[in-house]
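First comes the structure, then the notes that go with it.
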């Protein structure tokens, strides 16, 4: 009895998910808010590297690099790598004093 269930399990998996992991006829669902495409063409690499460099120098204290994080997000929005949003919705409402840097 246990052997027949063990042999049947892989077959159930293929039938339920289709060959190689899924139904090819369905269209993909767009990502949820907060998830955005990768920067395959490296359009915002300089901003990303500047932010990561700041994190390394500041011992990963992100509050010291918030202005660079904001710059990176602006770049992603400008290049349509993420939805355009007001920066206050992304947690930058208290960044007024750092904007000048």
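Every read-out reported here was derived from the displayed coordinates using simple, explicitly stated rules and does not represent laboratory data. If you're wondering where the values come from, they're calculated on a predicted model, not measured in any experiment. Please note: Cβ atoms are built from the backbone with ideal geometry, for glycine as well, and neighbour counts cover all protein chains shown.
Could you check the spin-label model distance between residue 93 and residue 60? Points 7 Å from the Cα along Cα→Cβ, value in nm.
Result: 2.9 nm between the two label points.
What does the extension gain come out to for residue 27 and residue 86, with contour length at 0.36 nm per residue minus their alpha carbon separation?
Full extension from residue 27 to residue 86 adds 18.2 nm.
Run the simple label-point estimate for residue 78 and residue 41 please: 7 Å along Cα→C-beta, distance reported in nm.
If labels sit at residue 78 and residue 41, their model points lie 1.5 nm apart.
Once Rh for segment 42-101 is found with the Kirkwood sum over Cα pairs, what is the Stokes-Einstein diffusion coefficient at 37 °C and 0.692 mPa s, in µm²/s? Write down the numbers at each step before the final one.
Working: Rh = 11.9 Å.
Using the Kirkwood radius from Cα pairs, D works out to 275 µm²/s.
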